[in-house]
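The values are calculated or read from the model by the stated rules, or taken from the named source; none is laboratory data. Computed from a prediction, not measured in an experiment: that's the story for all the values here. All Cβ positions, glycine included, derive from the backbone under ideal geometry; neighbour counts span all protein chains shown.
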């Protein structure tokens with residue numbers, strides 16, 4: 001179902017319940033809140049609500065966490081650390097008490113490490129997922145930055161802002177991250193500046209360098225002091241992690257009463273879609289999108305570069 005919200009030159013269309021790897025929505029009678037007997041169909045379970053969320057960086061010192069997933073029907077879920085492992089060949093199981101919420105405790109995690117887990121589930125009718133549901137997360141480096149007594153600052157460039165680390169004596173000035181070349185300065189790192197996480201494992205900053213792939217224009221980001229782990233905190237995951245989620249398509253229609261340059265972006269698309277709208281034409285879009293799962297609203301910002309254009313959505 002689509003809803004439309006307009007403000008200034010940005011029109012937001014709300015897409016409710018994209019629905020896991022197999023489609024469907026949060027209003028579906030087969031949602032995790034309303035499990036049904038699925039023995040008469042041939043569809044594999046729909047997976048959603050992963051934890052840890054894709055590309056999450058856990059604080060340094062974390063030695064255990066919970067791996068979890070939800071299914072839209074009663075199912076058994078298993079996981080592996082190697083991709084493309086058939087459900088029957090997976091040894092490790094996720095425990096469940098209600099058949100639709102599944103979890104396992106992961107132990108012996110180490111700092112400054114990346115972990116890959118691949119989940120598949122099978123319903124009571126024997127329908128098993130044939131594609132992995134990937135959960136990839138990191139554990140931050142131990143006290144990165146604090147022990148070295150370094151200072152973080154934003155470079156003075158107005159066209160390609162950079163985050164630097166430098167020692168108090170002015171030595172070892174190192175660039176750990178930069179805004180993409182050609183980014184408008186107004187879309188760069190915000191005036192609030194940088195903020196260290198208390199354990200020194202990450203540096204937080206706000207930026208609009210992904211303005212055309214966000215519903216808020218500016219988002220909050222975090223990066224480790226070595227520059228190796230970068231993530232979007234608000235409206236996670238970062239677009240670079242969308243390929244780790246189930247993929248699908250969204251179809252919708254825009255009706256135009258004027259003409260002009262437009263840009264459409266659905267949360268989960270790797271890049272926005274640009275087009276020229278003509279007066280009186282209906283545009284039907286079918287666009288690829290990563291599925292954030294049931295009960296997660298994925299918005300559709302429609303950027304109108306000529307505010308006189310009037311939009312209607314179906």
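In table form, for the structure just shown:
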| quantity | calculated |
| --- | --- |
| Which numbered condition residue 295 misses (of (1) in a loop (DSSP other than H, G, I, E, B); (2) modelled with pLDDT under 80; (3) under 17 Å from the mean Cα position of the chain (by Cα); (4) on the phi < 0 side of the Ramachandran plot) | (4) |
| Subset tally (residues that are assigned to a loop (DSSP other than H, G, I, E, B), more than 15 Å from residue 79 (Cβ to Cβ) and touching a strand residue (DSSP E or B) at 6+ places or on another chain (Cβ under 8 Å)) for segment 118-129 | 1 |
| Odd one out for residue 217 among (1) over 17 Å from residue 303 (Cα atoms); (2) part of a loop (DSSP other than H, G, I, E, B) | (1) |
| Condition broken by residue 73, with the remaining ones in (1) in a strand (DSSP E or B); (2) surrounded by 12 or more Cβ atoms within 10 Å (Cβ to Cβ) satisfied | (1) |
| Count - residues of segment 175-210 that are part of a loop (DSSP other than H, G, I, E, B) and surrounded by fewer than 18 Cβ atoms within 10 Å (Cβ to Cβ) | 11 |
| Residue 68 on the phi < 0 side of the Ramachandran plot, surrounded by 13 or more Cβ atoms within 10 Å (Cβ to Cβ), part of a strand (DSSP E or B) and at pLDDT 95 or above | yes |
| Hits in segment 144-164 (condition: modelled with pLDDT under 75 and surrounded by fewer than 17 Cβ atoms within 10 Å (Cβ to Cβ)) | 146, 147, 148, 156, 157, 158, 159, 160 |
| Subset of segment 253-292 [assigned to a loop (DSSP other than H, G, I, E, B) and either touching a helix residue (DSSP H, G or I) at 6+ places or on another chain (Cβ under 8 Å) or under 21 Å from residue 211 (Cβ atoms) (or both)] | 265, 266, 267, 268, 269, 270, 271, 272, 291, 292 |
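Every residue, every condition in (1) at positive phi; (2) without any contact (Cβ under 8 Å) to a residue 60 or more places away in the chain; (3) exposed (fewer than 14 other Cβ atoms within 10 Å of the Cβ); (4) in contact with a strand residue (DSSP E or B) (Cβ under 7 Å, 6 or more places away or on another chain), yes or no:
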{"residue": "166", "(1), (2), (3), (4)": "no, yes, no, yes"}
{"residue": "170", "(1), (2), (3), (4)": "yes, yes, yes, no"}
{"residue": "173", "(1), (2), (3), (4)": "no, yes, yes, yes"}
{"residue": "212", "(1), (2), (3), (4)": "no, no, no, yes"}
{"residue": "223", "(1), (2), (3), (4)": "no, no, no, yes"}
